[in-house]
Each structure stands twice: as C-alpha cells, then as structure tokens.
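Colleague: Here's a structure for you.
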Amino acid sequence: MSSPLRIAVLASGRGSNLAALLAAHERGELPVEFVLVASDKANAGALRLAEAAGIPTLVLNPRAYADRLAFDLDLFARLDGCGADVLVLAGFMRIIDGQALKPWVGRMINIHPSLLPKYRGLHTHRRALEAGDAEHGVSVHYVTAELDGGPVIAQARLAIQPGDDEHTLAQRLLPYEHRLLPAVLKLIADKRLQLASPDGVAFDGRQLSAPLRLQGDQLIG
Ligand code: GAR
C-alpha cells in the first residue's frame, strides 16, 4: 500500500476547518497524515486542536520579521522541511508572497468563503448581502500568487434567506465548509485532482469546465 498523503495545515484562527479534517480522518474517510499545523497567531484555536491530536505545531510571529517576504520565506523554508506533500490553508488570514509560494503551486489549496471569483479578500458574507445576491457559498481553490485567484476546484452553494445578516450567513455556511474541504482533500489523496497549467483543474484526467459541486458529502462534476 502506498503511504498516505502528508499534509500541513496553516490556520490563523479557531480551526473549525482543521477540526473537520481531523474528524473525517478519525472516521476513516480521509487517508492523510497530518505532519504539521502552523500559525501566525500563538493563540489560534487550531494550534490547541493540533496539540490535542498530537500533531506537531509551529508558530511564527510576523512582527519578528523585517517584512512580509522575510516572514514568508522563513515560513516556507520550514514547511519545505516538514515533509508535507500538500499544504492546506484553512483560515490562514495572510497574503502570501508569490515568490515564497511558487514551489508549492499545484500542491497548496485554500478554502475561501465566497463563490469565487466573487468576493476575493475579506468580509465576503457582508459583501454578498450588500450586493443583494440570491446565493452565497464557499470555494476551495489551488493557491497561486494572485490573492484568492487560483483555479477553483470545488464549491458549495446555499440560498441567502431574507432575514440573513453577516453572522447568520457565516454560521450557516460553516457546515458546508466542513464538508467541502475534506471532500476535496480526499480527491487529492486519491490522486484524482491536478492543477492543469496554467489556470485549469483536471479531475480524473479531464479538464473541468466548471468547479465540482458539493451534493451531500459528495463532489460531482
Ligand atoms: C473560514 O470561514 C474560512 O473559509 C475563512 O476563514 C474561516 C476560518 O475558520 N477563510 C478565509 O477567509 C480565507 N480568505 P476556522 O478557523 O474555524 O476554520
């Protein structure tokens, strides 16, 4: 049997997406090995989850570096050394320098709470509401030098309700996030997904014309 995909997770916050990955792994649905959880915030909940699960952790304080590039180069040098095959950004709230991430293009994914290409960056729920959108959603995409701009692998959608505010919408979206990220990672672990350069996604060897969609716990083309 081949060895499981080794992943490192980067997270800045509470870590509910990391928790979803750990739970899927625990249920035997995600054939990966967690080699590292790294954060730019010493108080990130994700680090506590990792410690509880016995996963090595790394915290780097951006204020200890001269600039963003210096931080990113050090972070990625350490990530290079941790033995990960794939990097998962699960609520990592920093823009990453294109030079630092270049060696990982095609091996790094990010979860972003919008239907990309809509609403790159911050405050995605508020912006969807302000735009009067009928639906909102979450995307998992390959990371490239362009912020939230890499090829989208898969999305989950939900209808915006008349009474929704930023908070309720974010809350209602989270369970979709928690199914989408493990489902995408499972496809990567099963070697069914590739970045098809320069800006496409190949699924089972065929270039996708639209992102995969989450139906229940399954991704469909
Ligand atoms: C999630 O909603 C994730 O989609 C978002 O941060 C949250 C992290 O929550 N990511 C971004 O906004 C990235 N641009 P978590 O720490 O509970 O997983």
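Colleague: Does segment 19-30 hold any residues that are crowded, with 16+ Cβ neighbours inside 10 Å and either within 21 Å of K191 (Cα to Cα) or more than 13 Å from the ligand (Cβ to nearest atom) (or both), and which are they?
Modeller: A20, L21, L22, A24, H25, L30
Colleague: If a residue counts only when it is closer than 22 Å to H178 by Cα, which strands (runs of 3 or more DSSP E) contained entirely in segment 18-124 have at least 2 such residues?
Modeller: 32-39, 86-89, 108-112
Colleague: Would you check if R213 is of a type in the set (D, E, K, R), away from the ligand (no atom under 16 Å from the Cβ) and within 20 Å of N17 (Cβ to Cβ)?
Modeller: Here the answer is yes, as R213 does meet what is asked.
Colleague: Continuing with this model, one more query. Tell me, please, whether a residue that is out of contact with any Lys or Arg (no Cβ under 8 Å at 6 or more places or on another chain) and crowded, with 18+ Cβ neighbours inside 10 Å can be found in segment 165-173.
Modeller: The answer is yes, given that some residue of segment 165-173 is out of contact with any Lys or Arg (no Cβ under 8 Å at 6 or more places or on another chain) and crowded, with 18+ Cβ neighbours inside 10 Å.
Colleague: Taking strands (runs of 3 or more DSSP E) that do not extend beyond segment 138-207, which have at least 2 residues that are free of Cβ contacts under 8 Å to residues at least 60 places away in the same chain and within 13 Å of the ligand (Cβ to nearest atom)?
Modeller: Those strands (runs of 3 or more DSSP E) span 152-159.
Colleague: In addition: So for segment 154-176 (the condition being under 30 Å from R63 (Cα atoms), among the aliphatic types (A, V, I, L, M) and in contact with a strand residue (DSSP E or B) (Cβ under 6 Å, 6 or more places away or on another chain)), does at least one residue qualify?
Modeller: Checked segment 154-176: no residue is under 30 Å from R63 (Cα atoms), among the aliphatic types (A, V, I, L, M) and in contact with a strand residue (DSSP E or B) (Cβ under 6 Å, 6 or more places away or on another chain).
FYI, it's all coordinate maths here, none of it is from the lab. This structure is a prediction, so every number in the text was calculated from the model and none was measured. Using ideal geometry, Cβ is built from the backbone for each residue, glycine included, and neighbour counts are taken over all protein chains shown.
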